[in-house]
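All of the numbers you see were taken from the coordinates with simple rules; none came from a lab. These numbers were taken from a predicted model, which means no experiment stands behind them. Cβ coordinates were reconstructed from backbone atoms using ideal geometry, including for glycine residues, and neighbour counts include every protein chain displayed.
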Amino acid sequence: MHSNTNLIDEMKKIIRVAKPDLKLFIGESITGNDCVEQAKEFNSAIEIDGIILSKADIDEKGGAAVSVSYTTKKPILYLGVGQEYKDLQSFDSRIILENLGL
């Protein structure tokens, strides 16, 4: 939860101690603006490296994907379009553009 300052502080501590090679934001694309706010807060706190969005098959136009990436200036790596690992698809911007009618 991006509004939980104690959780954010704990995440910062984990990053400081563990020094991970990659920090990913994983969010639900159907939450819209809330997904954007979460990504923005996490990026501000721990400097994420990339984004994975689940439930992208329900977000027909892809507005959350465009907004999250634009706001954080980080790449979307995968979109989840189902319930299993095999349902993670590499992000393809052409699909989003087609869904937006561009």
**Q.** Filter on 55/86; 40/73; 23/73; 23/74; 19/55 - keep pairs with C-alpha separation over 18 Å
**A.** 19/55
Q) Amide H neighbours of residue 49 under 5 Å, counting only residues 5+ apart in sequence or on other chains, H built in-plane at 1.01 Å? A) 23, 24, 25
Q | Principal axes of the chain: Cα extent on each, largest first, Å | A | 43, 26, 22
(Q) Suppose each label sits 7 Å from its Cα in the direction of the beta carbon; what would the residue 33-residue 12 distance come out to in nanometres? (A) 2.7 nm
Q.
Could you check the spin-label model distance between residue 4 and residue 26? Points 7 Å from the Cα along Cα→Cβ, value in nm.
A. 1.6 nm
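Out of all DSSP beta bridges in the chain, what portion is antiparallel? Express it as a percent rounded to 5.
On the way: 3 of 11 bridges.
The antiparallel fraction comes to roughly 25 percent.
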(Q) Of the candidates 44, 29, 67, which one comes out as most mobile in a Gaussian network treatment of the chain with C-alpha springs shorter than 10 Å? (A) 44
Q: For n ≥ 4 DSSP H runs only, could you compute -39500 (n - 2.57) per run for the chain, divide by its residues and tell me the 222 nm figure to the nearest 500?
A: -13500 deg cm²/dmol
